[in-house]
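Following: one structure in C-alpha cells, then a few remarks.
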Amino acid sequence: KRQFNIKMKRFEGKIVFITGGTRGIGLGLAKWFGEEGATVIICSWKKENLDEALKELHGLKIDGHVCDVGKKENWLELIKYIEIAYGWLDVLVPNVAASTHFGLSLDIEEKAFDKMIELNIKQNFFLIKETVHLLWKGVNPNILIMSSVAGKNPNFMVGIYSLTKAAMNSMTEFLS
C-alpha cells in the first residue's frame with residue numbers, strides 16, 4: 001500500500017498555544033499544528049516532559065516553556081510572554097486536565113474534588129478569558145476546547161471527571 005504524507009501547511013504563519021502540549025493528545029496536536037506550518041507554544045509543569053517533547057518535535061517551530069497552568073501567576077506570565085514575543089494568537093488549546101479520583105464519586109476527598117474543578121474548569125475558563133484579546137488580534141481565531149466522551153456519557157468510576165468534562169461541553173456552547 002502507498003501512504004501519502006502530504007503537508008498542506010494550512011497553519012503557516014499561525015501562532016498556536018497548547019497547554020500540556022508535551023504528552024498524549026496535546027503532544028499529538030503540537031506535532032500536527034507544527035507539521036502544518038504553525039509556530040506552536042507548548043508548556044508543561046515538568047521540565048523533563050518538556051525536554052522530551054522538544055526532542056520529539058525537533059525540526060518544527062516549537063516554543064517550549066515550563067509552566068504550571070494550575071498556578072494562575074505562571075500562565076499569566078506565559079501569556080504576557082506570548083503577547084510580547086508574538087503579539088497575537090490564532091489558536092488556543094486549553095488541553096491540561098486532571099483526574100484525581102478513580103472509584104465511587106461519593107468517596108472522593110474534597111482536595112481531589114477541588115483540584116479537578118480548579119484545573120479542568122476554572123483554569124480553562126480564565127485562560128480563555130485572559131487570552132481572548134490576543135485571539136482577537138489573529139485572523140480567524142479558534143479555541144479548541146478539550147473534552148471527553150465521559151462528558152456526554154458519565155462513568156461512575158470517574159464521575160467527577162465526567163462532571164468537569166460536561167462543564168467544558170457547556171462552556172463550548174456558551175462561548176460559541
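The values are calculated or read from the model by the stated rules, or taken from the named source; none is laboratory data. Predicted model, so just to flag it, every value in this text is computed and none were measured. Here the Cβ positions follow ideal geometry from the backbone for every residue, glycine too, while neighbour counts run over all protein chains shown. What goes into the accessible areas is simple: the full protein's heavy atoms, side chains included, and nothing from ligands, DNA or RNA. Shrake-Rupley method; radii C 1.70, N 1.55, O 1.52, S 1.80 Å.
For region 20-176, the ratio of Cα radius of gyration to the globular rule of thumb 2.2 N^0.38 Å stands at 1.06.
Scattering from region 94-166 was approximated by placing one identical point on each alpha carbon and applying the Debye formula without solvent; log10 I(q)/I(0) at 0.16, 0.20, 0.24 1/Å stands at -0.60, -0.81, -1.02.
Considering only the Cα atoms of region 35-90, their convex hull presents on average a projected area of 4.1 nm². Legend: translational diffusion of region 1-110 by Stokes-Einstein, Rh = Kirkwood radius over C-alpha pairs, 10 °C, 1.306 mPa s; D = 105 µm²/s. Legend: helices of the chain (whole DSSP H runs) are marked when their alpha-carbon atoms reach 15 angstrom or more along the helix axis and their mean Kyte-Doolittle hydropathy is at least -1.0; marked are 24-35, 72-85, 123-136, 159-175. The listed residues ASP90, ASP68, ASP114 rank as ASP114, ASP68, ASP90 when sorted by accessible area, largest first, using a 1.4 Å probe. Averaged over its residues, the chain has an accessible area of 59 Å² per residue, based on protein heavy atoms and a 1.4 Å probe. Can you flag which of LYS9/LYS47; LYS55/LYS152; LYS46/LYS165; LYS9/LYS137; LYS9/LYS152; LYS9/LYS115 are past 26 Å Cα-Cα? Checking Cα-Cα distances, LYS9/LYS47; LYS55/LYS152; LYS9/LYS152; LYS9/LYS115 exceed 26 Å. A simple charge model with +1 on the Cβ of Lys and Arg, -1 on the Cβ of Asp and Glu and nothing else charged puts the dipole of region 34-169 at about 300 debye relative to its Cα centre. These residues, GLU130, GLU73, go from largest to smallest accessible area, 1.4 Å probe, as GLU73, GLU130. Think of each Lys and Arg Cβ as +1 and each Asp and Glu Cβ as -1; about the Cα centre, that makes the dipole of region 109-176 roughly 180 debye. Rounded to the nearest 10 square angstrom, TRP75 shows an accessible area of 10 square angstrom against a 1.4 Å probe.
Note on the chain: with neighbouring protein chains present and a 1.4 Å probe, carbon and sulfur make up 56 percent of its accessible heavy-atom surface.
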